[in-house]
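Only one structure is covered here, and it is reproduced in the block below.
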Amino acid sequence: MSDLPSEWTHEPRKILRFSPGDKVADIDPNSTPGYTGDKDGSEEVQAERNERFADLQEMLYANGRAGDHRSLLLVLQGMDTAGKGSIVKHVVGAGNPMGIRYTAFGVPTEEERAHHYLWRIRKALPVAGQIGVFDRSHYEDVLVVRVHDLVPPEVWASRYVEINAFEKELVDSGTTIVKCAMFVSLDEQKDRLAARLKRPDKYWKYNPSDLDEREKWPAYQEAYQAVLDRTSTDHAPWFVVPCDKKWYTRLAVNELLIEALKSMELEWPPADFDVEAEQKRLKKA
């Protein structure tokens with residue numbers, strides 16, 4: 001039985017799932033697909049759903065400690081200011097940090113460049129019982145690499161099939177993958193960048209190169225379209241998340257995580273000791 005809040009008219013995992021024929025150019029970053037609520041009531045809903053997520057995440061972690069091999073990988077892919085950090089802080093941050101593995105993928109280091117592009121990705125994968133969070137991911141190697149012409153087209157073009165096989169390998173080994181393609185409008189991105197320049201405590205989040213990337217948005221649209229068309233699979237589908245309204249983005253990703261965890265049909269692991277005997281021992285202690 002679904003425990004989806006009444007404000008949702010459709011399950012996010014269904015309404016946000018990328019479908020063949022969908023166009024990146026048609027995405028409305030200011031929309032709130034499937035959600036009838038507004039910002040005023042979002043905090044209360046978010047708090048309640050954070051608790052639900054935290055319960056399920058702790059259950060996954062407990063099962064991992066008890067020998068269950070399963071894990072979950074959240075992939076957050078989007079232009080700067082799309083809100084990846086906000087998801088990490090306000091959604092994933094509600095869980096038990098012992099069961100969370102967060103990795104932000106920036107420009108590859110010299111050591112990473114000396115290896116296959118998936119080398120650093122494999123090193124950051126969640127282990128049994130963990131939720132892994134990728135802030136950017138292996139998709140940088142078919143997005144940034146393509147837009148900036150860092151490798152020949154025949155190199156990045158071969159990576160779609162390779163990525164699909166890699167993700168199928170992960171799923172077959174017990175990792176549930178939730179991939180979120182996060183889209184923010186250029187106008188909203190400009191406002192968020194301007195806000196960073198007005199606050200000294202936000203300067204560290206500003207990167208002058210972000211303005212250069214804005215000029216390449218048409219090329220990024222083409223690259224994202226190819227990514228969604230070629231790597232949204234049955235075993236690891238893409239979910240397209242509008243990001244102009246941060247409160248909606250958080251609620252949507254939260255529900256995607258909850259649904260993924262619920263699909264595992266988790267239960268609390270049974271005690272591997274005699275509970276009654278331990279209760280008696282404790283009384284005598």
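The values are calculated or read from the model by the stated rules, or taken from the named source; none is laboratory data. The structure displayed is predicted, hence computed values, not measured ones. Positions of Cβ are backbone-derived with ideal geometry, glycine not excepted, and every protein chain shown enters the neighbour counts. Accessible surface is based on the protein model in full, side chains and every heavy atom, while ligands, DNA and RNA are left aside. Shrake-Rupley method; radii C 1.70, N 1.55, O 1.52, S 1.80 Å.
Of all residues in the stretch 230-250, those that are assigned to a loop (DSSP other than H, G, I, E, B) have Cβ atoms under 6 Å from Cβ atoms of residues that are open to solvent by 10 Å² or more (accessible area, probe 1.4 Å) and of a type in the set (S, T, N, Q), 6 or more apart or on another chain, in THR233/ASN164; ASP244/ASN30; ASP244/SER185. Looking only at the stretch 14-36, residues that are open to solvent by less than 90 Å² (accessible area, probe 1.4 Å) and either hydroxyl-bearing (Ser, Thr, Tyr) or modelled with pLDDT under 95 (or both) come to 5 in all. Just one of the listed residues (ALA66, ALA104, ALA62) is open to solvent by 50 Å² or more (accessible area, probe 1.4 Å), over 17 Å from the mean Cα position of the chain (by Cα) and either within 13 Å of ILE258 (Cβ to Cβ) or touching a residue at least 24 places away in the same chain (Cβ under 8 Å) (or both), and it is ALA66.
Identify the residue in the stretch 158-171 that is under 30 Å from GLY93 (Cα atoms) and either in contact with a His (Cβ under 7 Å, 6 or more places away or on another chain) or aromatic (Phe, Trp, Tyr) (or both) and, among all such residues, is surrounded by the most Cβ atoms within 10 Å (Cβ to Cβ). Per the criteria, the residue is ILE163.
Across the stretch 1-58, what is the number of residues that are more than 17 Å from VAL178 (Cβ to Cβ) and part of a helix (DSSP H, G or I)? Residues flagged as more than 17 Å from VAL178 (Cβ to Cβ) and part of a helix (DSSP H, G or I) within the stretch 1-58 amount to 16. Give the residues of the stretch 131-142 that are in a loop (DSSP other than H, G, I, E, B) and open to solvent by less than 30 Å² (accessible area, probe 1.4 Å), sorted by residue number. If the condition is that a residue be in a loop (DSSP other than H, G, I, E, B) and open to solvent by less than 30 Å² (accessible area, probe 1.4 Å), then SER137 is the only one that fits. Check the stretch 178-197 and report whether any residue there is in a loop (DSSP other than H, G, I, E, B), buried (at least 16 other Cβ atoms within 10 Å of the Cβ), touching a helix residue (DSSP H, G or I) at 6+ places or on another chain (Cβ under 9 Å) and at negative phi. Yes: the stretch 178-197 contains one or more residues that are in a loop (DSSP other than H, G, I, E, B), buried (at least 16 other Cβ atoms within 10 Å of the Cβ), touching a helix residue (DSSP H, G or I) at 6+ places or on another chain (Cβ under 9 Å) and at negative phi. Candidates in the stretch 260-278 are the residues that are free of Cβ contacts under 8 Å to residues at least 12 places away in the same chain and assigned to a helix (DSSP H, G or I); of these, the one that is most open to solvent (accessible area, probe 1.4 Å) is GLU276. Specify which of the listed residues (ARG199, ARG230) is of a type in the set (D, E, K, R) and modelled with pLDDT of 95 or more. Being of a type in the set (D, E, K, R) and modelled with pLDDT of 95 or more holds for just one of ARG199, ARG230, which is ARG230. Total residues in the stretch 198-213 satisfying the condition of being more than 14 Å from VAL144 (Cβ to Cβ) and either part of a loop (DSSP other than H, G, I, E, B) or touching a helix residue (DSSP H, G or I) at 6+ places or on another chain (Cβ under 8 Å) (or both): the figure is 8. For the criterion of being in contact (Cβ under 8 Å) with a residue 24 or more places away in the chain, crowded, with 19+ Cβ neighbours inside 10 Å and of a type in the set (Val, Ile, Thr), VAL75 passes. Would you check which residues across the stretch 244-259 are open to solvent by less than 10 Å² (accessible area, probe 1.4 Å) and within 13 Å of the chain's Cα centre (by Cα) and list them? Of everything in the stretch 244-259, those that are open to solvent by less than 10 Å² (accessible area, probe 1.4 Å) and within 13 Å of the chain's Cα centre (by Cα) turn out to be THR249, LEU251, ALA252, VAL253, ASN254, GLU255, LEU256, LEU257, ILE258.
On the basis of being open to solvent by 30 Å² or more (accessible area, probe 1.4 Å) and in contact (Cβ under 8 Å) with a residue 40 or more places away in the chain, does GLU11 make the cut? Here the answer is yes, as GLU11 does meet what is asked.
The condition of being in a helix (DSSP H, G or I), free of Cβ contacts under 8 Å to residues at least 40 places away in the same chain and open to solvent by less than 20 Å² (accessible area, probe 1.4 Å) holds for only one of VAL155, VAL145, that being VAL145.
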